[in-house]
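Student: Next up is a structure, given as structure tokens.
The values are calculated or read from the model by the stated rules, or taken from the named source; none is laboratory data. Note that the structure is a prediction, hence the values are computed from the model and not measured. Cβ placement follows ideal geometry from the backbone for every residue including glycine, while neighbour counts extend to all protein chains displayed.
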Amino acid sequence: MVNDITDQNFEEEIESGEGLYMVDFWAEWCGPCRMIAPVVDELAGEYLEKGLKVGKLNVDHNQATSARFGVRSIPAVLFFKDGELVDQVVGAGPKAMYESKVLEHL
């Protein structure tokens, strides 16, 4: 399951949460974002039972959170563990690249 993350619910969903949260910063007009969307969805399903939570944040509609974490290029996938930013991947890449980050931090 992939959650919709916004400026309004970011603190409640991510910063107050426990475990690993992978957040995909994206935009509708971004081709590479559309390329990695199925990968993000696959990882959400494959690692749900192991405790991975996944969210997507539209940078056009949630500029405060994007600015707060210095997201200037998309796609950007940020990894939060127990509410703290622990890793990130900027740009589109193969599933293995994102999966290695998930496994490293789970």
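Student: Taking the stretch 75-84 on its own, how many of its residues are free of Cβ contacts under 8 Å to residues at least 60 places away in the same chain and surrounded by 15 or more Cβ atoms within 10 Å (Cβ to Cβ)?
Tutor: Final tally of qualifying residues: 5.
Student: Consider the stretch 50-77. How many of its residues are closer than 11 Å to residue 20 by Cβ, among the aliphatic types (A, V, I, L, M) and outside any loop (DSSP other than H, G, I, E, B)?
Tutor: Going through the stretch 50-77 one residue at a time, the tally reaches 1.
Student: Okay, moving on. For the stretch 1-15, enumerate the residues that are surrounded by 15 or more Cβ atoms within 10 Å (Cβ to Cβ) and either under 18 Å from residue 43 (Cα atoms) or in contact with a strand residue (DSSP E or B) (Cβ under 8 Å, 6 or more places away or on another chain) (or both).
Tutor: If the condition is that a residue be surrounded by 15 or more Cβ atoms within 10 Å (Cβ to Cβ) and either under 18 Å from residue 43 (Cα atoms) or in contact with a strand residue (DSSP E or B) (Cβ under 8 Å, 6 or more places away or on another chain) (or both), then 2, 3, 5, 6, 10, 13, 14 are the ones that fit.
Student: Taking interchain pairs and intrachain pairs at least six residues apart, which have beta carbon atoms under 7 angstrom, with the first residue in the stretch 37-62 and polar (S, T, N, Q) and the second surrounded by 12 or more Cβ atoms within 10 Å (Cβ to Cβ)?
Tutor: These pairs meet every condition: 58/26; 58/27; 62/6; 62/7.
Student: Another question about this same structure. Would it be correct to say that residue 103 is modelled with pLDDT of 95 or more and either in a strand (DSSP E or B) or touching a helix residue (DSSP H, G or I) at 6+ places or on another chain (Cβ under 8 Å) (or both)? Outline the logic, then answer.
Tutor: Working: modelled with pLDDT of 95 or more: yes; either in a strand (DSSP E or B) or touching a helix residue (DSSP H, G or I) at 6+ places or on another chain (Cβ under 8 Å) (or both): no.
Criteria not met by residue 103.
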